[in-house]
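Q: Supplied in structure tokens, the structure appears directly below.
The values are calculated or read from the model by the stated rules, or taken from the named source; none is laboratory data. Remember, predicted model here, so these are calculated numbers, not experimental data. With ideal geometry, Cβ positions are generated from the backbone for all residues, glycine too; neighbour counts draw on all protein chains shown. Note: areas computed on protein heavy atoms with side chains; ligands, DNA, RNA excluded. Shrake-Rupley method; radii C 1.70, N 1.55, O 1.52, S 1.80 Å.
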Amino acid sequence: MKKFLDENFLLQSKTAQTLYHEFAKKMPIIDYHNHLPPDQIANNINFKNLTQVWLYGDHYKWRAMRTNGINEKYCTGTAGDFEKFQQWAATVPYTLRNPLYHWTHLELQRYFNIDKILNADTAKEIYDEATALLQTKEYSVRGLLAKMNVKTLCTTDDPTDTLEYHKKIAADNCAVKVLPAFRPDKAMNVDDAATFNAYVLKVEAASNIAVSSYGDYLTALKNRHDYFAANGASVSDHGLEQIYAEDFTDAEIDTIFDKVRKGSTLSLTENHKIKSAMLIEFAKWDHEKGWVQQFHLGALRNNNARMLSQLGPDTGWDSIGDFSQSKALAKFLNTLDSTNQLAKTILYNLNPSDNELMATMAGNYNDGSVAGKVQYGSSWWFLDQKDGMTKQMNALSNMGLLSKFVGMLTDSRSFLSFPRHEYFRRLLCNMFGEEIENGELPNDIAWTGKVIEDICYNNAKQYFGF
């Protein structure tokens, strides 16, 4: 029987172990999509305790705790930090076979050198030991990033953001390059007229451009896109249920914009037309600047209305959706490609039934101009676990070139989440190792090792131009 989480965790053959320890393990990390707070990096804070760095904002853990019957006051509520940690520790033994069990113990090992199993009995000891370390200089947020060999990361930022903290980080010559990513989801969300109009006011204030028409609105948003570029951004990101690709005329969009600005509710067709128009504009700006655009598709958000009203979004009430993806996505990409205005693009699906769809869709628009110009992105959200990562890599291998893949990301709000890159790398090496030992691939360790190094780091470095 193998020891739990030893140095060869997930590496089921000698070849896999060689590939990981000699090639993958040493590679730095480029984390090109996450939700880390840039103010905490700018101020290089130390978290007061393990709960604050580990449980605040982590809806993965909250969902598990709620399922285990833990009262909300221990998740997002008023309980003290150690009380919350105790309830998480008591939940961990019940997360067997959930990726949280692996991530929890990987993070304890990699950051704190703690190899004990977390449960109710060990909670106090582990909490005190980790909390003491978190008070030291080496465990500031920049120290935590350095421990994981993170070289570059891209946060996820609203177009109205001042980027003041990114400026401060850049001025500090921080060892980790921290870049903003343009996330205009709110800018095109016309589902509720009052919310949208409040957002337009924010765009006016940020851009110092008065908005009285759709043309004005695009000008103001383009101003913000330019501002992001001037402050290091070269990546955009969209979190959508599905791509919108309705036919429209300029006159129609002007009328629809005026209607929503007057507070009227749009029809479904009008809603989709104006979203389609804005997506095309954003994509053209990305191409103009040589950016990479990312599309995260398929989440059904905010399903629990009662809890949403109490706690707000991003608190753990989302799920996989079953939206139709292929026709609109093909139409959108083809519209841009037909005028040679398709930027480098990464497609992510949340519904695993769309794996092969996304892998084959990417291949339609790889025109040889850039290696892996359109990427089938890494397993995302509910899929970033052993089964999901393996299926994503298999789909990409079968229908594209895994060798040109830009690799893993954290998509996380936690500074302790970077062992997810290690988890991915171990699975990647195990996959290649197994097939080499089975005679399905040649026993060329040097070449396979190079491919693995590329997937872990080099491809992303070249693709994003960091």
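Q: Would you point out the residue of segment 354-378, among those that are among the hydroxyl-bearing types (Ser, Thr, Tyr) and touching a residue at least 24 places away in the same chain (Cβ under 8 Å), that is most open to solvent (accessible area, probe 1.4 Å)?
A: If we take residues in segment 354-378 being among the hydroxyl-bearing types (Ser, Thr, Tyr) and touching a residue at least 24 places away in the same chain (Cβ under 8 Å), then THR360 is most open to solvent (accessible area, probe 1.4 Å).
Q: Taking the stated definitions as given, is ILE70 touching a residue at least 40 places away in the same chain (Cβ under 8 Å) and either under 25 Å from the mean Cα position of the chain (by Cα) or buried (at least 18 other Cβ atoms within 10 Å of the Cβ) (or both)?
A: Against the criterion (touching a residue at least 40 places away in the same chain (Cβ under 8 Å) and either under 25 Å from the mean Cα position of the chain (by Cα) or buried (at least 18 other Cβ atoms within 10 Å of the Cβ) (or both)), ILE70 does not qualify.
Q: Have a look at ASN8, ASN34 and point out the one that is surrounded by fewer than 18 Cβ atoms within 10 Å (Cβ to Cβ) and either part of a loop (DSSP other than H, G, I, E, B) or in contact (Cβ under 8 Å) with a residue 60 or more places away in the chain (or both).
A: Checking each option against the conditions leaves just ASN8.
Q: Looking only at segment 181-207, how many residues end up being surrounded by 17 or more Cβ atoms within 10 Å (Cβ to Cβ) and outside any helix (DSSP H, G or I)?
A: Residues meeting the conditions: 5.
Q: Here's something else I'd like to know. Of the residues LYS450, LYS461, which single one is more than 24 Å from the chain's Cα centre (by Cα) and within 15 Å of LYS404 (Cβ to Cβ)?
A: LYS450
Q: Would segment 73-89 turn up any residue that is crowded, with 19+ Cβ neighbours inside 10 Å, under 24 Å from LYS386 (Cβ atoms) and more than 20 Å from the chain's Cα centre (by Cα)?
A: Yes: segment 73-89 contains one or more residues that are crowded, with 19+ Cβ neighbours inside 10 Å, under 24 Å from LYS386 (Cβ atoms) and more than 20 Å from the chain's Cα centre (by Cα).
Q: Is there a residue in segment 305-319 that is in contact (Cβ under 8 Å) with a residue 60 or more places away in the chain, open to solvent by 20 Å² or more (accessible area, probe 1.4 Å), of a type in the set (Asp, Glu) and in a loop (DSSP other than H, G, I, E, B)?
A: The answer is yes; a qualifying residue exists.
Q: Would you please name the residue that is nearest to THR152 (Cα to Cα), looking only at residues in segment 235-260 that are touching a Lys or Arg at 6+ places or on another chain (Cβ under 7 Å) and in a loop (DSSP other than H, G, I, E, B)?
A: Filtering segment 235-260 for residues that are touching a Lys or Arg at 6+ places or on another chain (Cβ under 7 Å) and in a loop (DSSP other than H, G, I, E, B), the one nearest to THR152 (Cα to Cα) comes out as TYR244.
Q: Could you please let me know if LEU357 is within 17 Å of ASN398 (Cα to Cα) and aliphatic (A, V, I, L, M)?
A: Judged against the criteria, LEU357 is a match.
Q: Now a separate question. Looking at (1) farther than 19 Å from ASP237 by Cα; (2) of a type outside the set (Val, Ile, Thr); (3) crowded, with 19+ Cβ neighbours inside 10 Å, can you tell me which one SER324 breaks?
A: Here SER324 meets the rest and fails (3).
Conditions (1) touching a strand residue (DSSP E or B) at 6+ places or on another chain (Cβ under 6 Å); (2) under 26 Å from ASN68 (Cα atoms); (3) among the acidic types (Asp, Glu), marked per residue:
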| position | (1), (2), (3) |
| --- | --- |
| ARG110 | no, no, no |
| ALA120 | no, yes, no |
| LYS124 | no, yes, no |
| TYR127 | no, yes, no |
| LEU133 | no, no, no |
| LEU145 | no, no, no |
| THR152 | yes, no, no |
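Q: Taking segment 166-180, which residues are surrounded by 15 or more Cβ atoms within 10 Å (Cβ to Cβ) and closer than 18 Å to ASP31 by Cα?
A: HIS166, ILE169, ALA170, CYS174, VAL176, LYS177, VAL178, LEU179, PRO180
Q: Which of the residues belonging to segment 266-290 are open to solvent by 10 Å² or more (accessible area, probe 1.4 Å) and touching a helix residue (DSSP H, G or I) at 6+ places or on another chain (Cβ under 8 Å)?
A: LEU266, GLU270, LYS273, LYS275, ILE280, GLU281, LYS284, TRP285, HIS287, LYS289
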